[in-house]
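**Student:** Can you read through this structure? Questions will come right after.
No value in this document is a laboratory result; all are computed from the given coordinates. Since the model is a prediction, treat every value here as computed from it, not as a measurement. Cβ atoms come from the backbone with ideal geometry, glycine included; neighbour counts cover every protein chain shown.
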């Protein structure tokens with residue numbers, strides 16, 4: 001694993017905007033950064049990331065079965081009581097899931113360590129699946145990267161295949177939804193709509209704020225049609241907290257991600273995984289934590305529901321403490337501290353994508369801070385054979 | 001209008017030869033997003049897939065004259081059968097799907113018992129590029145009591161089979177121990193916006 005500088009494509013902003021990537025710069029700060037890339041060998045990708053991802057994914061799904069059958073587990077995960085049967089039923093019906101992202105700390109040496117599962121509303125999908133792919137394609141055409149270079153990224157093909165696979169079972173109409181004002185989330189659902197349509201599924205978009213409910217408790221679109229299936233880029237735990245969710249268990253609305261993903265998008269899954277697979281080389285020690293008291297050195301405290309690195313406290317092994325602010329509170333977990341890879345003074349977080357049940361791609365976020373926040377830059381990657389030199393323009 | 005989007009490898013299941021398979025999407029056409037012309041790219045090379053269903057390595061060799069690949073395909077199909085073959089919670093369910101005498105009791109590491117059918121055949125698919133073998137894929141195959149053949153739908157698919165007992169199976173249309181069939185992979189002809197150049201790599 002190396003970090004290598006490369007000339008950005010002179011027209012990358014135009015390329016981005018042509019392809020609907022309007023969030024390449026967020027609040028004036030660059031989000032997409034192609035002034036460098038990460039290079040991996042095929043073995044690093046396959047043995048270091050792909051195989052562990054597939055194994056951890058299978059372990060996580062096996063745990064869902066246990067959790068939904070246990071009132072005690074549901075309680076530890078702080079899943080609201082009125083939704084527990086709904087979640088269990090969605091699992092028993094094996095309502096289809098689409099995707100998820102695992103975050104790893106890894107610098108290419110030893111086993112990659114799982115930091116968390118983003119199995120409900122993973123972001124950076126479009127830039128991982130499409131724009132990173134196009135960057136490599138363009139750089140190869142420009143002669144700045146060897147034609148033999150590859151990328152761990154069959155995310156797009158896998159999404160189209162996954163939509164095609166689950167299409168027959170999805171109640172129609174099928175709508176995709178995100179918060180209206182988020183350019184990033186709107187870009188992501190537009191991309192997913194594109195993937196679904198390429199799989200032959202007729203589908204549309206609706207802002208999550210525009211969803212209605214009928215007198216008899218069905219969720220409806222702007223023309224008052226009952227929505228059959230809703231892809232929602234909106235956290236399940238937030239949905240469940242809102243009054244508007246009270247019809248979810250009885251409305252018959254099919255969700256993607258399905259309700260059972262509430263088990264996996266919850267950081268409580270980390271101590272449960274550790275309890276069941278203690279000592280697994282890709283897992284870090286993790287325990288439930290009441291969120292009170294002084295965190296011992298070498299541990300990280302995270303709320304059960306925290307996204308984009310918010311409300312994380314780190315007690316570094318040397319005793320220094322780092323904390324990020326944010327809106328989340330409530331029950332926590334603590335996880336053994338493991339440093340992110342550091343290259344050129346930046347901290348790299350490896351996002352390993354799973355579509356359906358297939359480990360199929362990688363997206364890397366870089367942050368100046370050891371806590372990866374929503375302002376972290378996306379940096380592309382390639383697979384290079386070890387002996388292949390890199391052509392840098 | 002139907003637009004061919006992805007160059008596919010036909011019915012190919014997982015390609016065993018690492019060095020012959022790209023780890024990235026063949027193309028990532030976006031038709032709707034943004035304002036760019038269609039980013040359709042063609043598969044740059046003529047590709048085809050040769051596929052056959054065999055009940056033994058010997059039968060495979062007889063049809064293909066290729067003992068090395070037949071043995072490879074058999075070995076990897078056996079491995080896939082263990083990992084991704086159909087699983088049933090009870091012997092009755094297994095027998096209903098696969099016939100009496102075809103079901104084997106297994107145990108998970110935690111002691112749960114389940115049932116798997118014996119693999120009764122294997123599919124061998126060879127990716128041919130410019131007339132040369134460029135990749136090998138295989139899948140376990142199972143004969144149903146009614147004489148039809150099936151393979152785990154997820155062998156190479158995006159959802160795993162046997163997720164806690166529910167196994168999606170896909171029909172196998174090939175006749176057992178017959179000459180391999182050839183199907184074209186890759187639509188290839190359509191390219192727009194990029195002057196028909198390749199998808200690179």
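**Student:** With runs of 4+ DSSP H residues as the only contributors, calculate the mean residue ellipticity of chain A at 222 nm using -39,500 (n - 2.57) per run, divided by the residue total and rounded to the nearest 500.
**Tutor:** -7000 deg cm²/dmol
**Student:** A follow-up question, please. Tell me, what are the semi-axes, in whole angstrom and largest first, of the equivalent ellipsoid of the range A:160-282 as set by the roots of 5 times the Cα gyration tensor eigenvalues?
**Tutor:** 27, 19, 14
**Student:** Please state the Cα pair-distance histogram of the range A:63-128 with 10 angstrom bins from zero: what percent is in each bin?
**Tutor:** P(r) for the range A:63-128, in whole percents per bin: 17, 36, 31, 15, 1.
**Student:** For Cα pairs less than 8 Å apart in space and 6+ apart in sequence, what is the mean separation divided by the residue count of the range A:288-336, i.e. the relative contact order in percent?
**Tutor:** It comes to 45 percent, rounded to a whole number.
**Student:** By the gyration tensor of its Cα atoms, with a ≥ b ≥ c the square roots of the eigenvalues, what is the shape of the range A:5-58: rounded for a/c under 1.5, prolate for a/b over b/c, or oblate?
**Tutor:** prolate
**Student:** Points 7 angstrom from Cα along the Cβ direction at residue B:146 and residue A:107: gap in nanometres?
**Tutor:** It works out to 6.0 nm between the two label points.
**Student:** What number results when the radius of gyration of the range B:68-120, computed over Cα atoms, is divided by 2.2 N^0.38 Å?
**Tutor:** Working it through for the range B:68-120, the quotient is 1.25.
**Student:** Just rank B:106, A:102, B:22, fewest to most, by other beta-carbon atoms within 10 angstrom.
**Tutor:** B:106, B:22, A:102
**Student:** Quick check: pseudo-label points 7 Å beyond the Cα along Cα→Cβ at residue A:369 and residue A:205, how many nm apart are they?
**Tutor:** Output for this residue pair reads 3.0 nm.
**Student:** Return the Rg/Rh value of the range A:236-365, two decimal places, where both radii are evaluated on C-alpha atoms and Rh is the Kirkwood radius.
**Tutor:** Rg/Rh: 1.00.
**Student:** Can you divide the C-alpha Rg of the range A:105-211 by 2.2 N^0.38 Å and report the result to two decimal places?
**Tutor:** Against the empirical 2.2 N^0.38 Å value, I get 1.30 for the range A:105-211.
**Student:** Now for a separate question. What is the spread of the Cα atoms of chain A along each of their three principal axes, largest first, in whole Å?
**Tutor:** 64, 50, 36
**Student:** Now for a separate question. Over chain A, with a Gaussian network built from C-alpha contacts below 10 Å, which listed residue (A:161, A:50, A:66) shows the highest mean-square fluctuation?
**Tutor:** With Cα springs under 10 Å in chain A, the top fluctuation among A:161, A:50, A:66 is at A:66.
**Student:** Calculate, in whole percent, how much of the Cα-Cα pair population of the range A:1-125 lies beyond 27 Å.
**Tutor:** The calculated P(r) of the range A:1-125 puts 43 percent of pairs beyond 27 Å.
**Student:** Would you kindly calculate the mean projected area, averaged across all directions, of the convex hull enclosing the Cα atoms of the range A:288-336, in square nanometres?
**Tutor:** Averaged projected area of the range A:288-336's Cα convex hull equals 3.1 nm².
**Student:** Suppose the chain between residue A:22 and residue A:322 were pulled fully straight at 0.36 nm per residue; how much longer would it get relative to their current alpha carbon spacing?
**Tutor:** Contour length minus Cα-Cα distance gives 104.8 nm.
**Student:** Given contacts defined as C-alpha pairs under 8 Å and at least six residues apart, what's the relative contact order of chain A, whole-number percent?
**Tutor:** RCO, chain A: 25 percent.
**Student:** Can you give the mean number of other chain Cβ atoms that lie within 10 Å of the Cβ atoms in peptide A:156-163?
**Tutor:** 5
**Student:** Given springs between every Cα pair under 10 Å in a Gaussian network model of chain A, which of A:335, A:197, A:186 has the largest fluctuation?
**Tutor:** Among A:335, A:197, A:186, the largest mean-square fluctuation in the Gaussian network model of chain A belongs to A:197.
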